[in-house]
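Quick notes on the structure that follows.
The values are calculated or read from the model by the stated rules, or taken from the named source; none is laboratory data. Just so you know, these numbers come straight off a predicted model, no measurement behind them. Cβ coordinates were reconstructed from backbone atoms using ideal geometry, including for glycine residues, and neighbour counts include every protein chain displayed. Only protein heavy atoms, including side chains, enter the accessible area calculation; ligands, DNA and RNA are left aside. Shrake-Rupley method; radii C 1.70, N 1.55, O 1.52, S 1.80 Å.
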Amino acid sequence: MSFYVTTPIYYVNAAPHLGHAYTTIAADVMARHHRQRGEDVFFLTGTDEHGEPVADAARAAGIEPQLLADRNSERFRALAPRIDASNDFFIRTTDAQHMAKVQEVLTRVRENGHVYKGVYEGWYCPRCADFKADNEIDEGNLCPIHHIELSREQEENYFFALSSFQQRLEALYEERPHFLAPRTRRNEALSFIRSGLRDVPLTRRRLTWGVPVPWDAEHVFYVWFDALLNYYSALSYARPGEDLTATLWPADCHLIAKDILRFHAVYWPALLMAADLALPERIFVHGYLLMEGEKMSKSLGNVLDPFEVIDRFGSDALRFYLIRDVSFGQDGSVSTMAFEQRYASELANEYGNLASRVIAMLARYRDGRMPDAALDPEIAPELQSLAGEVSGLIDEVQLTQGLDAIWQRVRRLNRYVEEKAPWQLAKQGDQAPLDAALATLITGLRVVSVVAHPYLPEATGKLLDALGVADRSLAAAVPSQPLPAPGAPIASLPPLFPKPE
Ligand code: MSP
């Protein structure tokens with residue numbers, strides 16, 4: 001069983017911000033979870049380096065596009081380990097192997113009869129790198145996203161015959177209701193398709209910063225076709241000496257935000273059909289992180305720097321906050337205040353303190369050794385069902401609900417401590433109830449931590465290490481497993497989420 005998940009490849013015309021970290025974290029949660037299921041996972045992220053946005057930014061900075069791309073790509077590459085992203089490869093669209101693959105696939109698309117020469121006339125936004133119809137621009141010829149004045153362009157291009165895929169695309173959305181989720185986005189894509197598709201430029205003549213068109217030296221490929229193909233090209237060279245395409249294509253899940261819905265929901269499947277390639281299993285569209293009601297974006301300048309947050313609170317805290325506070329699939333506001341609240345009340349208190357208290361009680365009453373006692377039947381079913389429930393949710397890319405299911409158990413364990421009051425049980429003659437309570441709590445911590453591992457890899461890793469549990473797979477989330485074994489020593493644990501300075 002394999003699982004192939006991707007993020008969009010990010011533009012190198014600016015530095016990474018929290019919005020980019022968000023998608024990468026979400027993809028990482030999925031990748032880690034599927035690894036826990038023993039699947040052969042491939043997780044891809046990277047940078048989109050051609051096209052006008054990058055060429056223009058380089059010109060403004062007075063440097064060559066390649067230099068700008070090298071510098072900024074490096075910042076995106078460096079973000080991944082900082083947020084604990086376990087990507088298997090980092091693709092750059094300036095990689096020679098990617099460029100060759102783009103040429104190969106798009107030549108095939110032409111040979112298959114889906115490309116013709118024509119003249120494009122219409123609106124174009126250089127910041128979006130997107131052609132816009134008359135009804136897609138704002139009053140005063142403004143870009144509705146970047147609020148800049150657009151020019152009307154006339155350019156001789158090779159066109160991709162997108163309109164001829166209209167029926168096949170409609171059929172795709174009707175036959176495969178889960179191809180694109182959430183449902184509102186699927187409906188949006190379908191109604192865009194039904195409203196009638198226009199052919200789109202496949203190449204640009206006026207640009208030089210791009211993948212050269214093999215059959216016409218005056219053109220480069222339009223950046224979106226170059227970019228989309230990263231999902232496919234990466235497999236052919238990510239692992240030196242090996243071609244992963246046969247085992248991993250088609251992708252299981254493309255994660256994107258709604259800003260690039262049309263490219264992924266319409267252009268991408270049509271392009272794959274035109275190239276005789278299999279379509280991805282699913283595309284999941286998450287919402288926007290908002291700051292004071294507006295989309296956080298480099299053009300608007302209202303961005304939170306993920307590096308700063310991580311320096312103060314650690315990457316787990318950022319991962320947790322973004323997935324927990326913004327329901328995955330919907331827009332949601334983020335703020336420093338909400339972040340600090342969740343950190344203190346949920347991470348530091350509900351999870352971190354629970355772990356410290358239970359381990360401290362074990363040290364105090366049982367000499368730091370795992371008691372030999374069965375799991376309390378009062379709580380066993382809730383622990384038993386956790387892994388399956390979370391797997392089912394993650395299969396549907398319900399990442400926030402998955403974390404919610406975990407947190408219900410964390411809260412249940414906190415209530416259990418209060419109900420059982422082990423410090424009272426310690427005073428009575430019969431010690432069996434204390435053994436049972438402590439064994440149940442340690443087991444609960446273990447189960448919760450294994451299932452939460454994809455969300456909070458660092459903290460759960462420390463806790464599981466303290467418990468002496470080396471297995472991070474979901475097999476270790478079965479409560480009846482004797483993990484740790486009765487009598488095994490349990491190490492002390494420094495605070496998992498300390499108060500930041
Ligand atoms: N290069 C294209 C994508 C090509 S994919 C074949 C691009 N790059 S981008 O740098 O603009 O990144 C867009 C993506 O970054 C979004 O789809 C989303 O994954 C992420 N986000 C950027 N800002 C975001 C928010 N404010 N909120 C949520 N996601 C954000 O488009």
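Surface composition of segment 354-452: carbon and sulfur atoms hold 50% of the protein heavy-atom accessible area at a 1.4 Å probe.
Amide hydrogen proximity for F3: with H placed 1.01 Å from N in the peptide plane, the residues at 5 or more positions away or on another chain lying under 5 Å are D40, V41, F42.
Only loop residues by DSSP count here, and only those with at most 16 other Cβ atoms within 10 Å; note down the trypsin sites (Lys or Arg not before Pro) in segment 197-232 that meet that. When the trypsin sites (Lys or Arg not before Pro) of segment 197-232 are filtered for loop state and at most 16 Cβ neighbours within 10 Å, R198, R205, R206 remain. If the segment from E139 to K427 were pulled out straight at 0.36 nm per residue, it would be longer than the present Cα-Cα gap by 96.0 nm.
For the chain, what does the helix formula give at 222 nm: sum of -39500 (n - 2.57) over DSSP H segments with n ≥ 4, over the residue count, nearest 500 deg cm²/dmol? Display every interim value, and only then the final one.
Details: 20 runs with 222 residues, N = 501.
Helix contribution divided over all residues of the chain: -13500 deg cm²/dmol.
Can you tell me how much longer the chain between E396 and S191 gets when fully stretched, taken as 0.36 nm per residue apart minus their C-alpha distance, in nm with one decimal? Numbers along the way, then the final one.
Values: separation 205, 0.36 × 205 = 73.80 nm, distance 2.29 nm.
Here the answer is 71.5 nm.
State the answer as a single residue: which of N414, V448, G402 lies farthest towards the positive end of the charge dipole of segment 389-487, with beta carbon charges of +1 for Lys and Arg and -1 for Asp and Glu, about the Cα centre. Farthest along the dipole direction, towards plus: N414. Along the charge dipole of the chain, which of A439, P494, I260 sits closest to the positive end, that is, farthest toward it, with unit charges on the beta carbon of Lys, Arg, Asp and Glu (+1, +1, -1, -1)? So the residue we want is A439.
Identify the GluC sites (Glu not before Pro) of segment 357-431 meeting these criteria: DSSP loop state and at most 13 other C-beta atoms within 10 Å of the C-beta. Here the GluC sites (Glu not before Pro) that fit, given the DSSP loop and packing criteria, are E378.
The magnitude of the dipole of segment 292-444, with charges of +1 and -1 set on the Cβ of Lys/Arg and Asp/Glu and taken from the Cα centre, is near 440 debye. Lacking any other cysteine beta-carbon closer than 4.7 Å, the following Cys residues of the chain have no compatible partner: C253. Length available on full extension from D305 to R415: 0.36 nm per residue minus the Cα-Cα distance, which gives 36.0 nm.
How far apart, in nm, are two points set 7 Å out from the Cα along the Cα-to-Cβ line at E170 and at S473? Inter-label distance under the simple model: 4.8 nm. If R0 is 30 Å, the Cβ-Cβ spacing of E458 and S2 corresponds to a FRET efficiency of close to 0.70. Of all DSSP-defined beta bridges confined to the chain, some 50% are antiparallel rather than parallel.
Label sites at R357 and D56, each approximated as a point 7 angstrom past Cα along Cα to Cβ, lie 5.6 nm apart. On a per residue basis, segment 1-124 carries 35 Å² of accessible surface, using protein heavy atoms and a 1.4 Å probe. Of A270, L244, Y231, whose Cα points farthest to the positive end of the dipole of segment 204-345 (charges on the beta-carbon: +1 Lys, Arg; -1 Asp, Glu; origin at the Cα centre)? Comparing the listed Cα positions along the dipole, A270 ranks first. Around the Cα centre of the chain, unit charges on the Cβ atoms of Lys, Arg, Asp and Glu (plus for the first two, minus for the last two) sum to a dipole of about 800 debye. Taken along the Cα-to-beta-carbon direction at a fixed 7 Å, the label points for H146 and A96 span 3.2 nm.
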